[in-house]
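Scroll down for the structure; my scribbles are underneath it.
The values are calculated or read from the model by the stated rules, or taken from the named source; none is laboratory data. Quick caveat, the model's predicted, so the values are computed rather than measured. Cβ placement follows ideal geometry from the backbone for every residue including glycine, while neighbour counts extend to all protein chains displayed. Just the protein is used for accessible areas: all its heavy atoms, side chains included, with ligands, DNA and RNA removed. Shrake-Rupley method; radii C 1.70, N 1.55, O 1.52, S 1.80 Å.
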Amino acid sequence: MALWVSSNFLTSTLTRHVGMTDDVCAIQLPKEQEYMNTATTKAQNAQEKAIMTAMKAVVWMAKECIPLSKYSSLMNFLQAVEVPNIGQLKCSSAVSYCSYNTATDILGCFILFD
(Lines give C-alpha, C1' and ligand atoms only; values in the text may rest on other atoms or scores of the structure.)
Protein backbone atom coordinates (compact mmCIF):
# COMPACT_ATOMS: atom_id res chain seq x y z
CA MET A 1 0.00 0.00 0.00
CA ALA A 2 1.34 3.44 -0.94
CA LEU A 3 1.10 6.36 1.41
CA TRP A 4 0.42 9.74 -0.24
CA VAL A 5 1.66 12.88 1.53
CA SER A 6 0.14 16.29 0.81
CA SER A 7 2.45 19.22 0.22
CA ASN A 8 -0.29 21.72 1.07
CA PHE A 9 0.48 22.33 4.71
CA LEU A 10 -1.07 25.08 6.79
CA THR A 11 2.17 27.07 6.92
CA SER A 12 2.48 27.21 3.13
CA THR A 13 -1.12 28.38 2.85
CA LEU A 14 -0.47 31.13 5.38
CA THR A 15 2.70 32.15 3.56
CA ARG A 16 0.78 32.50 0.28
CA HIS A 17 -1.96 34.45 2.05
CA VAL A 18 0.46 37.04 3.46
CA GLY A 19 1.43 38.10 -0.05
CA MET A 20 -2.16 38.87 -1.10
CA THR A 21 -3.63 42.36 -0.94
CA ASP A 22 -7.16 41.33 0.07
CA ASP A 23 -6.52 41.99 3.76
CA VAL A 24 -5.11 45.45 3.09
CA CYS A 25 -8.13 46.31 0.94
CA ALA A 26 -10.52 44.97 3.58
CA ILE A 27 -8.91 47.12 6.26
CA GLN A 28 -9.06 50.26 4.08
CA LEU A 29 -12.66 49.70 2.97
CA PRO A 30 -14.44 51.45 5.89
CA LYS A 31 -12.21 54.52 5.51
CA GLU A 32 -12.77 54.62 1.75
CA GLN A 33 -16.54 54.35 2.27
CA GLU A 34 -16.40 57.27 4.69
CA TYR A 35 -14.44 59.35 2.16
CA MET A 36 -16.98 58.47 -0.54
CA ASN A 37 -19.91 59.45 1.69
CA THR A 38 -18.26 62.79 2.52
CA ALA A 39 -17.55 63.55 -1.13
CA THR A 40 -21.08 62.58 -2.17
CA THR A 41 -22.60 64.77 0.52
CA LYS A 42 -20.52 67.75 -0.57
CA ALA A 43 -21.40 67.20 -4.23
CA GLN A 44 -25.09 66.85 -3.47
CA ASN A 45 -25.08 69.99 -1.39
CA ALA A 46 -23.46 72.01 -4.17
CA GLN A 47 -25.91 70.66 -6.74
CA GLU A 48 -28.86 71.24 -4.45
CA LYS A 49 -27.76 74.83 -3.85
CA ALA A 50 -27.45 75.37 -7.60
CA ILE A 51 -30.97 74.02 -8.18
CA MET A 52 -32.30 76.24 -5.39
CA THR A 53 -30.68 79.24 -7.07
CA ALA A 54 -32.28 78.29 -10.37
CA MET A 55 -35.67 77.89 -8.69
CA LYS A 56 -35.38 81.27 -6.97
CA ALA A 57 -34.44 82.85 -10.30
CA VAL A 58 -37.55 81.42 -11.98
CA VAL A 59 -39.79 82.60 -9.14
CA TRP A 60 -38.24 86.07 -9.30
CA MET A 61 -38.70 86.20 -13.06
CA ALA A 62 -42.36 85.23 -12.70
CA LYS A 63 -42.95 87.87 -10.00
CA GLU A 64 -41.30 90.56 -12.12
CA CYS A 65 -43.18 89.45 -15.27
CA ILE A 66 -39.92 88.76 -17.09
CA PRO A 67 -40.40 86.22 -19.89
CA LEU A 68 -38.87 82.80 -19.27
CA SER A 69 -37.15 83.07 -22.64
CA LYS A 70 -34.65 85.31 -20.79
CA TYR A 71 -33.79 82.51 -18.29
CA SER A 72 -30.72 81.38 -20.28
CA SER A 73 -29.43 84.92 -20.37
CA LEU A 74 -29.98 85.31 -16.62
CA MET A 75 -28.12 82.04 -15.93
CA ASN A 76 -25.21 83.21 -18.12
CA PHE A 77 -25.14 86.48 -16.17
CA LEU A 78 -25.16 84.62 -12.83
CA GLN A 79 -22.22 82.52 -14.03
CA ALA A 80 -20.38 85.65 -15.18
CA VAL A 81 -20.72 87.29 -11.76
CA GLU A 82 -19.63 83.99 -10.14
CA VAL A 83 -22.69 83.21 -8.06
CA PRO A 84 -21.69 80.30 -5.77
CA ASN A 85 -22.56 76.80 -7.03
CA ILE A 86 -24.24 78.06 -10.22
CA GLY A 87 -21.65 76.16 -12.27
CA GLN A 88 -23.16 72.92 -10.96
CA LEU A 89 -26.13 73.45 -13.28
CA LYS A 90 -23.92 72.56 -16.22
CA CYS A 91 -23.43 68.77 -16.10
CA SER A 92 -21.45 68.44 -19.33
CA SER A 93 -20.86 70.31 -22.58
CA ALA A 94 -24.15 68.94 -23.92
CA VAL A 95 -26.28 68.92 -20.74
CA SER A 96 -27.14 72.08 -18.86
CA TYR A 97 -30.03 73.20 -16.69
CA CYS A 98 -29.90 76.71 -18.10
CA SER A 99 -32.46 76.41 -20.90
CA TYR A 100 -35.97 77.70 -21.47
CA ASN A 101 -37.30 74.16 -21.04
CA THR A 102 -35.74 73.93 -17.58
CA ALA A 103 -37.34 77.24 -16.59
CA THR A 104 -40.78 76.13 -17.74
CA ASP A 105 -40.41 72.78 -15.94
CA ILE A 106 -39.41 74.55 -12.70
CA LEU A 107 -42.33 76.95 -13.00
CA GLY A 108 -44.63 74.01 -13.74
CA CYS A 109 -43.56 72.38 -10.46
CA PHE A 110 -44.57 75.49 -8.54
CA ILE A 111 -47.93 75.66 -10.30
CA LEU A 112 -48.62 71.99 -9.47
CA PHE A 113 -48.08 72.61 -5.77
CA ASP A 114 -49.90 75.93 -5.58
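For the reader, a short list of remarks on this structure follows.
- Spacing of the modelled spin labels on Asn76 and Asp105, each 7 Å from Cα toward Cβ, amounts to 2.1 nm.
- Theoretical FRET efficiency, 1/(1+(r/R0)^6), r = Cβ-Cβ of Trp60 and Gln28, R0 41 Å, to 0.05: 0.30
- With all protein chains modelled, accessible area of Cys91 [1.4 Å, Å²]: 80 Å²
- Based on Cα contacts under 8 Å between residues 6+ apart, the stretch 23-112 shows a relative contact order of 30 percent.
- Near the amide H of Cys98, within less than 5 Å, lie no amide hydrogens of residues on another chain or at least 5 residues away, with H placed in the peptide plane.
- Every pair of different Cα atoms in the stretch 23-112 enters the Kirkwood calculation, which places the hydrodynamic radius at 14.9 Å.
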